[in-house]
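This report refers to the structure that appears directly beneath it.
Each reported figure results from applying straightforward, stated rules to the coordinates on display, with no laboratory input. From a predicted model like this one, the values you see are computed outputs, not experimental measurements. We place every Cβ from the backbone using ideal geometry, glycine too, and count neighbours over all the protein chains shown.
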Amino acid sequence: MSENGDPNEMAEDVNELLLSAAMDGSVEGVNAALEAGADIDFDQLDDWNPGDDTTLPPSTALLIACQKGHVDVVKLLLHKGASLVKRSMGASAPLHAAASNGWTEIVDLLVQHGATVDIQDGFYDTPIIGACRYKHVDTVRRLIELGARPDLTNGHVGQKWWREVENYDSVEESVKLLQEARKTKLLRCCNPKCGKPGYRKTLKLCGRCKLTRYCSRDCQIQHWSVGHKKCCGHDVYCYDEDDRFENMALSMTDHVRKYGPESLLRSLASLAAHSV
C-alpha cells in the first residue's frame, strides 16, 4: 500500500494487485484485492499517459485471465460481476481473448454468462475468426454449437485470412468446420441452454443488438436474464462511444512536446509488449 496514506495511491495499489493476481492465476490474490476495494473492471489504459509504468497489460483482470487460461480466476470474476464487454487496447473483448488462445472451457463460461458469441472487435472480427486463424479446432466447434455464425468473415482480419485459405489445396480442420457449417445454411439459437438449429428465416434476431438469434421468446428471455442484458448494445465496437484513444492522442502530443519523440516511442513499445 501507499506509504504516505494517499487514498488515490492506495486505490491504485490494490487495482494493480488485482491485475497482477489475475496474470498469475491466483484466486486468493484476486479475492484479496477485491476485498481490499479494487475496481473489478480497472484498466490501466483508462488513464494511461506516455511514461507511465507498463509492467502490467492495459486491460481488465477478466480479459487477462481469459487470455492466460486461468479458469478459476475467470469463474471468480464472473461471479463477482466483471464486465464481459470492456475491451483491451486492441479493442478485443474477453471472449476474443479466450477464443484466440483456444481456452474452450472459458469460452463456454463467458457465453453461459451472457457474452455475445459474435461480439466484434475494433476490426469487426468475431471470436470464431481468432479461434479458426490459430487452429483451435475444439474452440471453433464449440463456438458453432453455441451459435456463432460461420459466415461472418467480413472483418479486417477475417477477409484477408479467408481469401488466403480459399486458395489452399488443403485446409486445416478448423477451416473445414467453418466450411461445413456454411454449407448447411443452418444457424443455432444463441441461448446456450438451447442451441437448437434452424434456418435464418425461422430464427428471430434480438431487436437491440441484431447479432443474437433465438428460436423462441422463452430462449431470449432466459438468455437475457443470465447476462445478455448487460452485453446487448456493446457487441459492435464503436469508436464514437469511447474517447480513451482521443485522450491518449492528446497526451502523446503533449509528451512529445515535453520529452521528444524518442521517449514516446519507448513508452509505446513498452505498452505494446504487455498488451493482450
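Here are a few things to note about the model shown:
- The amide H of CYS190, built 1.01 Å from its N in the peptide plane, has ARG213, TYR214, CYS215 as neighbours under 5 Å, considering only residues 5 or more places off or on other chains.
- Ranking ILE106, VAL165, ILE144 by how far each Cα lies toward the positive end of the dipole of the stretch 85-239 (charges on Cβ) leaves ILE144 at the top.
- Listed values for the stretch 213-225 are Karplus-derived 3J(HN,Hα) couplings in whole Hz (6.51 cos²θ - 1.76 cosθ + 1.60, θ = phi - 60°), namely 10, 9, 7, 7, 5, 4, 5, 5, 4, 5, 5, 4, 6, and x replaces Gly and Pro.
- Computed label-point distance, nm, for sites HIS156 and GLN112 using a 7 Å Cα→Cβ extension: 3.4 nm
- Förster radius 51 Å - calculated FRET efficiency between LYS201 and LYS80, Cβ distance, rounded to 0.05: 0.80
- Overall, the stretch 85-239 carries a charge dipole of about 760 debye about its Cα centre when +1 sits on the Cβ of Lys and Arg and -1 on the Cβ of Asp and Glu, all other atoms neutral.
- Karplus 3J(HN,Hα) series, Hz, for the stretch 119-132 with 6.51 cos²θ - 1.76 cosθ + 1.60 (x for Gly, Pro): 4, 9, 8, x, 10, 6, 9, 9, x, 5, 5, x, 5, 5
- With contacts taken as Cα pairs under 8 Å and at least 6 residues apart, the stretch 85-239 reaches a relative contact order of 25 percent.
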